[in-house]
Amino acid sequence: MNELFDSLQALVDNVGRVVVGKDDTIRLVISSMLSRGHVLLEDKPGVGKTMLARALAKSIACDFKRVQCTPDLLPVDVTGYVDPRSEAFRPGPVFTNILLADELNRATPRTQSALLEAMGEGQVTIEGQTHQLPDPFIVIATQNPVEHRGVNDLPEAQLDRFQVLLTPGYPSESEEKRVLIERQVRDPLIGLSPVMDAAKVRQLIEAVPKILMKESLIDYVVTLVRATRHSALIQVGASPRCALQLMQLSRAYALVQNRSYVVPDDVRTLATHVLPHRVMLNTTSTETLNTTECKQDVVRQIIEETKVPVGS
């Protein structure tokens, strides 16, 4: 366990050399990767969303591709196509280990849906032929919630395939000053070297199911997820996929914290990132809006009202 944790800590530290003051966010992204999840980074422009994805990719010696989402991006630009002349399959950028889908909400719904099979099943079907994606495979998507022109809201089916939604937020004053000082000379990404390879990532992924999670904590996950379906403030609650991903993420998060077991605080912490984007609020009241902030507030209320299992 110590050897695995040392590898994970080295990865956190390496990414933290570029993404200053966001170690908690970095650990959550790594935990999602280890539990075969996908990450949606939603925040204002310029807070380091794309930089986080690029720094993680450079810290792992594996294949990385970036798709800049625009309204004219086609599904075949993501998944690939069969060349009509040679009848050979030309794989798209989705055939990689880490895919950065930058400003995903700028793509059309048709192009967004091209990622559904890849994110849910780790494969892509083109003209009746199924092609397996590399292992590991993680989508890190970004979106800007401020702009409303030229953007398309992600549909519920797409959101449900993102294990976590994270909002990095602004750095503190001292952190922002450190960023400016360190970038007077050069971009820190230039000198960033990998600290592990894809084989090591697969080893860490295989260690996640070995993390102990007591049945009382599994019951706790089920109770939290089902509570979203019975809340008067919520119109559409979280799915069974959400419960499964919260359980898997809890195990990976415990590993990143150098523990061989899950504790209740793991579930409580992660639920605030796993549940909100999967629910749809009742908007009959003028005070309730289907924004990320409102959803997070409602989920936090559910967490506070749900009894934490004792002795777990």
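Suppose every Lys and Arg Cβ carries +1 and every Asp and Glu Cβ carries -1, with no other charges. What dipole size does the chain come out with about its Cα centre, to the nearest 20 debye? Spell out each step's value before the answer.
Numbers: 34 positive and 38 negative charges, 50 e Å.
Dipole size: approximately 240 debye.
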**Q.** Loop-resident sites, region 226-312, for trypsin sites (Lys or Arg not before Pro), counting at most 16 other Cβ within 10 Å (DSSP)
**A.** Arg259, Lys307
**Q.** Mean-position separation - Cα centroids, region 31-103 and region 195-221, in angstrom
**A.** 24 Å
Q | DSSP-defined antiparallel bridges as percent of all bridges, the chain, nearest 5 | A | 30 percent
Q. Considering region 211-305, what Rg and Dmax in Å follow from its alpha-carbon atoms?
A. 13.7, 46
Q: Work from the charge dipole of the chain (Cβ charges, +1 for Lys and Arg, -1 for Asp and Glu, about the Cα centre) and give the residue of Gln143, Gln112, Thr96 farthest towards its positive end.
A: Thr96
Q: Count neighbours as other Cβ atoms within 10 Å of each site's Cβ, and list the GluC sites (Glu not before Pro) in region 58-138 that are DSSP loop with at most 11 such neighbours.
A: Glu87, Glu127
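Here, each number is a calculation from the coordinates, and none is a lab measurement. The model shown is predicted, which means the values in this text are computed figures rather than measured ones. Virtual Cβ from ideal backbone geometry, glycine too; neighbours counted across all protein chains shown.
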